[in-house]
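Novice: This is the structure I want to talk about, given as structure tokens.
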Amino acid sequence: GEDVEQSLFLSVREGDSSVINCTYTDSSSTYLYWYKQEPGAGLQLLTYIFSNMDMKQDQRLTVLLNKKDKHLSLRIADTQTGDSAIYFCAESIEGSQGNLIFGKGTKLSVKP
Amino acid sequence: EPEVTQTPSHQVTQMGQEVILRCVPISNHLYFYWYRQILGQKVEFLVSFYNNEISEKSEIFDDQFSVERPDGSNFTLKIRSTKLEDSAMYFCASSPTYQAYGYTFGSGTRLTVV
């Protein structure tokens with residue numbers, strides 16, 4: 001079945017770049033997503049990429065997609081303490097009514 | 001910015017009791033979803049709802065679960081007879097299209113079954 005895997009923790013220093021990685025198994029993914037969850041809050045869509053693209057940039061965020069290796073990454077440039085949160089990778093599958101398959105989330109800790 | 005509102009934020013219920021989790025989706029959205037996240041586990045899809053009927057559901061969404069849009073604004077998830085393993089954070093989401101890039105999630109209801 002479909003599966004999405006992420007490493008659970010990442011710690012960086014303020015001002016450094018963060019790279020959060022994700023692998024997925026289903027080759028019929030249509031879109032891949034990055035969500036952010038701050039403590040006590042819901043899931044906030046950060047960015048998404050269509051499966052026939054290999055890169056998308058949005059201000060400090062860069063998404064790279066390697067479809068051959070089924071690998072997705074999120075790079076956050078100039079990471080700030082306010083970026084500390086859990087980051088979820090998710091995919092939607094062709095033919096599904098918009099339901100998402102999530103990874104377990106990567107907890108990003110940014111040290112001053 | 002429009003929000004998806006979920007109430008209550010935390011609910012404690014006894015095993016075997018019925019519980020109703022409430023959501024107010026964004027007013028012009030047409031697609032509605034429930035997800036849950038058991039502590040330490042992945043966020044899991046439960047059900048999608050469109051045009052007043054379930055369009056897709058997961059294996060988790062068994063006969064104990066039901067959804068309803070009773071009055072055109074609320075979207076509810078009912079668990080008929082709660083079990084300890086139903087303890088989780090339940091997220092509602094709504095979207096103007098079936099594409100998940102249109103989703104807006106609520107901040108969740110933490111359900112604790114004791």
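The values are calculated or read from the model by the stated rules, or taken from the named source; none is laboratory data. Being a predicted model, the structure only gives us computed values, none of them experimental. FYI the Cβ positions are ideal-geometry reconstructions off the backbone, even for glycines, and counts take in every protein chain you see. Accessible surface is based on the protein model in full, side chains and every heavy atom, while ligands, DNA and RNA are left aside. Shrake-Rupley method; radii C 1.70, N 1.55, O 1.52, S 1.80 Å.
Novice: Need at least 1 residues that are of a type in the set (Lys, Arg) per element, so show me which strands (runs of 3 or more DSSP E) inside the range A:1-101 make the cut, counting only ones lying wholly within it.
Specialist: Qualifying strands (runs of 3 or more DSSP E): A:9-13, A:29-37, A:55-58, A:71-76.
Novice: Find the strands (runs of 3 or more DSSP E) located wholly in the range B:35-114 whose residues include 1 or more that are open to solvent by 40 Å² or more (accessible area, probe 1.4 Å), and list them.
Specialist: B:43-50, B:53-57, B:65-68, B:75-79, B:109-113
Novice: Give me the residue from the range A:74-112 that is crowded, with 16+ Cβ neighbours inside 10 Å and among the hydroxyl-bearing types (Ser, Thr, Tyr) and, out of that set, farthest from the other protein chains (Cβ to nearest Cβ).
Specialist: Filtering the range A:74-112 for residues that are crowded, with 16+ Cβ neighbours inside 10 Å and among the hydroxyl-bearing types (Ser, Thr, Tyr), the one farthest from the other protein chains (Cβ to nearest Cβ) comes out as A:79.
Novice: Would you call residue A:52 in contact with a strand residue (DSSP E or B) (Cβ under 8 Å, 6 or more places away or on another chain), free of Cβ contacts under 8 Å to residues at least 40 places away in the same chain and not hydroxyl-bearing (Ser, Thr, Tyr)?
Specialist: Here the answer is no, as residue A:52 does not meet what is asked.
Novice: A further question on this structure: Looking at this structure, is residue B:111 more than 14 Å from chain A (Cβ to nearest Cβ) and in contact with a His (Cβ under 9 Å, 6 or more places away or on another chain)?
Specialist: In short, yes.
Novice: Of the residues that make up the range B:88-107, is at least one modelled with pLDDT of 95 or more, within 14 Å of the chain's Cα centre (by Cα) and over 30 Å from residue A:50 (Cα atoms)?
Specialist: There is at least one residue in the range B:88-107 that is modelled with pLDDT of 95 or more, within 14 Å of the chain's Cα centre (by Cα) and over 30 Å from residue A:50 (Cα atoms).
Novice: A follow-up question, please. Please work out which one of (1) part of a loop (DSSP other than H, G, I, E, B); (2) at pLDDT 95 or above; (3) open to solvent by less than 40 Å² (accessible area, probe 1.4 Å); (4) out of contact with any Leu (no Cβ under 6 Å at 6 or more places or on another chain) is the condition residue B:29 fails and give its number.
Specialist: Residue B:29 satisfies every listed condition except (2).
Results for (1) within 13 Å of another protein chain (Cβ to nearest Cβ); (2) at pLDDT 90 or above; (3) surrounded by fewer than 18 Cβ atoms within 10 Å (Cβ to Cβ), shown as yes or no for each residue.
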| residue | (1), (2), (3) |
| --- | --- |
| A:8 | yes, yes, yes |
| A:20 | no, yes, no |
| A:38 | yes, yes, yes |
| A:46 | yes, yes, yes |
| A:67 | no, yes, yes |
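Condition check ((1) away from chain A (no Cβ under 12 Å); (2) within 19 Å of residue B:29 (Cβ to Cβ); (3) without any contact (Cβ under 8 Å) to a residue 40 or more places away in the chain) across all residues:
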site	(1), (2), (3)
B:50	no, yes, no
B:66	yes, no, yes
B:76	yes, yes, no
B:84	yes, no, no
B:96	no, yes, no
B:105	no, yes, no
